[in-house]
1. Taking 7 Å along the Cα-to-C-beta vector as the label spot, tell me the GLU27-ILE204 distance in nanometres, rounded to one decimal.
2. Restricting to the chain, compute how many DSSP beta bridges are antiparallel as a %, nearest 5.
3. So between SER108 and ALA132, what do we pick up on full extension, going 0.36 nm a residue minus the alpha carbon distance?
4. Can you pull the one-decimal nm distance between simple spin-label points at THR168 and THR182, each 7 Å off the Cα toward Cβ?
5. How much net charge surrounds THR182 when only other residues with a Cβ under 13 Å from its Cβ are counted (Lys, Arg +1; Asp, Glu -1)?
6. Sort ARG136, ARG8 so the one with the fewest other Cβ atoms within 10 Å of its own Cβ comes first.
7. Among ASP91, ASP54, ASP78, which comes first, second and so on when ranked by fewest other beta-carbon atoms within 10 Å?
8. Calculate, in nm to one decimal, what ALA139 and VAL17 gain on full extension: separation in residues at 0.36 nm each, minus their alpha carbon distance.
Amino acid sequence: MIEPESIRVVIIDDHEVVALGLKALLEDEADMSVVAIATTASDAVHAVEQHRPDVAIIDYRLPDGNGVEVVRAVRAGDDAPGVVMMTAASDRRVMSQALDAGCMSFLSKNADGDDLLASVRAAARGESHFTADVARHLAQVRRYKQFDIDELTARECEVLQLSANGRTPEHIAEELFLSQHTVRNHLRNAMSKLQAHTKLDAVIKAARLRLISIDD
């Protein structure tokens, strides 16, 4: 018998094995019950409207849309549920979009069960819960917004770091198995995104953003 104080959860994931695994994990807790499972974005909105859950766990990738669109839809109504978004990869841009849409917590599908349970309980209270990995990514997002710049790719950061370490484009190309032309393109792109006029300026700005480190 479900206790009145149970946290009512809707799971939205198009992978049946994942959804059933989440359901088993949640229903093993005395204070949680899964009231519906949806596999598409359209079914998700209907399930939330019908069951009025306390929390919706939403996968980012759905066959007829993405999880951010679902978050916006379910958070727009009255008595909106708390939302926990799950994704297979930690993408800072997706995290930022999800949180802006009203998501309380963001979890990688590699997160352990305790983190998921903590996120669900926090979302039911209208609060956020982040793993250390997600918190680091979010801190980076805030820094990008603070400086009003576009996000650098991992390769652009890598090339900038090697440049800060004193490597020439020729040495960077050799170390990363890239052409010198490609290395110079990465440097130009990084400088453009950082709104830097020189390579030194780009290195300094990247260090301030904690994208790279500079030895004292």
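Read-outs throughout are calculated quantities, based only on the coordinates presented, and are distinct from any laboratory measurement. Everything numeric in this text was worked out from a predicted model, so none of it was measured. In this analysis, Cβ positions are derived from the backbone assuming ideal geometry, glycine residues included, and neighbour counts consider all displayed protein chains.
1. A separation of 6.1 nm, rounded to one decimal place.
2. Details: 2 of 21 bridges.
If we restrict to bridges inside the chain, about 10 percent are antiparallel.
3. Values: separation 24, 0.36 × 24 = 8.64 nm, distance 1.14 nm.
Roughly 7.5 nm would be gained on extension.
4. With each label point 7 Å from Cα toward Cβ, the separation is 2.1 nm.
5. Working: positive: ARG155, ARG184, ARG188; negative: GLU156, GLU158, GLU170, GLU174, GLU175.
Summing Lys/Arg as +1 and Asp/Glu as -1 gives -2.
6. Values: ARG136 13, ARG8 18.
If I rank by nearby Cβ atoms, fewest first, I get ARG136, ARG8.
7. On the way: ASP91 16, ASP54 22, ASP78 5.
Placing the least packed residue first, the sequence is ASP78, ASP91, ASP54.
8. Values: separation 122, 0.36 × 122 = 43.92 nm, distance 3.26 nm.
Here the segment from ALA139 to VAL17 would lengthen by 40.7 nm.
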